[in-house]
Each structure stands twice: as C-alpha cells, then as structure tokens.
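> Quick one: this structure, given as structure tokens, is what I'll be asking you about.
The values are calculated or read from the model by the stated rules, or taken from the named source; none is laboratory data. Since this is a predicted model, take the numbers as computed values, not measurements. Glycine gets a Cβ as well: all are built from the backbone with ideal geometry, and neighbour counts include every protein chain shown. Note: accessible area is taken over every heavy atom of the protein model, side chains too, but ligands, DNA and RNA are not part of it. Shrake-Rupley method; radii C 1.70, N 1.55, O 1.52, S 1.80 Å.
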Amino acid sequence: MYAETTVIYSDVLFLINFSLDYLCLFIAGRILNRFSKVWRIVAAAAFGGLYSFLPYTLVTETYISLPLHILSAFVICMIAFGYKSHKQAIFLTLTFIVTSALFGGLISGIFSLSDQYSDGAYTEMSAASFCVICVMSAIIVFSYSLICGKRIHTRSARIRITLGNEKSELNLLCDSGNLVTEPFSALPVIIVSAACLPYPYDMPESEVFPLPIRIIPFTTSAGGSCFFGFRPSKIELLGIAKKPKSIDAFIGIDTQNKSYSGYDGLIPTSIL
C-alpha cells in the first residue's frame, strides 16, 4: 500500500494568504480610521503569507497554536499600522481577526461547494480559481474604498505636514465647531495632539523648538485658554485616489489630550 501524501504549492499558498491579508488589513484600517503607507501593508501581508507555512512545517497543539495565531495577527497589525496605544492595538487586532475569519469562511464555503476544499486544505487551486479570488478581492476593495471615501469626506480627513526634512501624516476629526483662528493672520487653526507630532515639535515650550511659536487664544463654554501654535512649511489635504491639495493653516499644539476619540486632532470643516 502507498502512503497518502499531500502536495502543497508554496507559491500559491503564499499568494493566497498575501492577497487575503492585504485585503483584510485594508478593511480593518478603514473600519477603525487607521491609515498607513502601502509599503507597510505590503510588508505586513508578506509576513502573513510567510506565517501561513507554519502549520505545515510545525505541528503544534491547539492550546499552543491559537495564542500563536493571535500573536501573529497582532504582529501583522503592528507592521501595517504601527503602535499608538494599547486600546487601539487591541481593537485593530480584533478587527483584523474577525475580518480574516469572515473572508476566510466565505472563500472556504465557495470552494467547498465545488469540492475543492476538504479537511482544512484546498485540494485543487488552478490559475483560473486564483484569478477569481483576486478579482473578487479587487471588487470588494474598490467598493469599500468608495464607501469609506464618502465617509472620510464627511467625518474625517487626512493631512500631511512638512516639518523640515520630515513629513507626518495625521488623521483628523472634522469639527464644525472649531472656529479658532490665528489672531494676526486670521488663518484657521488645526488642533493636533502633541503626542502625534515628532520630536521636537511635540514640545512647544522647549528652547529647541525649530519654528517661531505663536500664542493662539480660544474660548470654550468652560472658559478661555490658549494654544502654542506654529505654521508648517507645507500642509497637504490627502484623499483616496485624489491629488494632494495644499492648504494654508496654523497647527495648534494640544499638550493635554493624547487622542480625540481615536483621531490625532480636529480640523475645521471650513478648510475642507
């Protein structure tokens, strides 16, 4: 008798997991309003593709493999989006896991109907089948990006500020109540948490702050106060599939709040 063997095509296995991880990272980021550079998501998806070989090269018990899978999901999310806080890291990892489970179950169900999925493995994966998966993924990503684009346009915005030789991208909450302006120029003020700015721009009272500092007063229902503010050399408004738009505004540094409901700051809707 001949022993039954299973042949695994490593290139196909990698491409399938790479594609699905990229898709799930994209959706998880949009759901939680987290944005990242394409190369970081590609690197995270590549790590996920390589990790997919582990179950076939190392046999482990469930009580070991399950925590290992959760840890790998956490690492994938940190590669793609970076670490900002414990809360955001946990929500991002959970969202990625749920999204991966939903899409993995959907594709497994489709292939099980065609007898191409059995005992936890794809028994046949032709080039045509893989192309179908890629096309389905592309359609879902495109459709979801349009929905998110509308949502971002009305609720949030991304900007890129140039600080010397550095560029920082910030995810901001649109606030129609933000009417703060710089007193001398009357330019609108984008309020940004100091925790989201690179050193030394996060320390407005420091002697090493590289730009001229302005005192920007503001008034709330609780009373009046002021921000330390500065004018970056360049501010660009970013959008999905749109050319960056230059805007003229001041940055007000908030040293008290580290986050605005998960956003890096507040942008006046008048700027948009």
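> Of Ile90, Ile31, Ile251, which has the most accessible area with a 1.4 Å probe, and how do the rest follow in descending order?
Per-residue accessible area, sorted high to low, gives Ile90, Ile31, Ile251.
> Between Ser176 and Lys234, how many nm apart are label points set 7 Å from Cα along the C-beta direction?
According to this spin-label approximation, the distance is 3.3 nm.
> Sticking with this one: Taking the Cβ of Thr93 as the center, what net charge do the other residues with Cβ under 14 Å away carry, scoring Lys and Arg +1 and Asp and Glu -1?
Summing Lys/Arg as +1 and Asp/Glu as -1 gives +2.
> If you don't mind, there's one more thing I want to ask. Could you give the length gained on full extension between Ser185 and Val75, defined as 0.36 nm per residue of separation minus the Cα-Cα distance, in nm? Mind showing how you got there, number by number?
Numbers: separation 110, 0.36 × 110 = 39.60 nm, distance 4.54 nm.
Full extension of this stretch gives 35.1 nm more.
> Next question. Calculate, for Leu68 and Leu94, the FRET efficiency according to 1/(1 + (r/R0)^6) with r their C-beta to C-beta distance and R0 22 Å; round to the nearest 0.05.
Working: r = 17 Å, r/R0 = 0.76.
With R0 = 22 Å, the Cβ-Cβ based efficiency is 0.85.
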